[in-house]
Amino acid sequence: MHMDKLMKQRAALDQKIKAAKDLERQMVVLSKLIIKHAPSLVNGEEQKVIKVLETAQAEITEETVMKPSFEGEPI
């Protein structure tokens, strides 16, 4: 009984770790895009930058759902 509870806690922790790693990867990609497109913000092209970021977020979300990240990486 106690072992079962520990296994469930470990599984829940593993899911949280995976979600955190996925979020970290998404933030890195979005940060790079923001830095790349920052000059457009200065030029008043906010809508262009917003569109790029929305497209990137959709692609990242799609990739995250389709492919588990960090496969085989020890916890």
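Values in this text are rule-based calculations from the coordinates and carry no lab data. Computed from a predicted model, the values in this text were never measured in an experiment. We place every Cβ from the backbone using ideal geometry, glycine too, and count neighbours over all the protein chains shown.
Exposure proxy shown here: for D22, D4, the number of other Cβ atoms within 10 Å sets the order, fewest to most, as D4, D22. Here is the tail figure for the range 24-66: Cα pairs spaced more than 15 Å apart come to 41 percent of all pairs.
Local charge for V28 was computed over the other residues whose Cβ lies under 12 Å away, with Lys and Arg +1 and Asp and Glu -1, and equals +1. With a Förster radius of 30 Å, plug the Cβ-Cβ distance of K5 and T61 into 1/(1 + (r/R0)^6) and report the FRET value to the nearest 0.05. Calculated value: 0.35.
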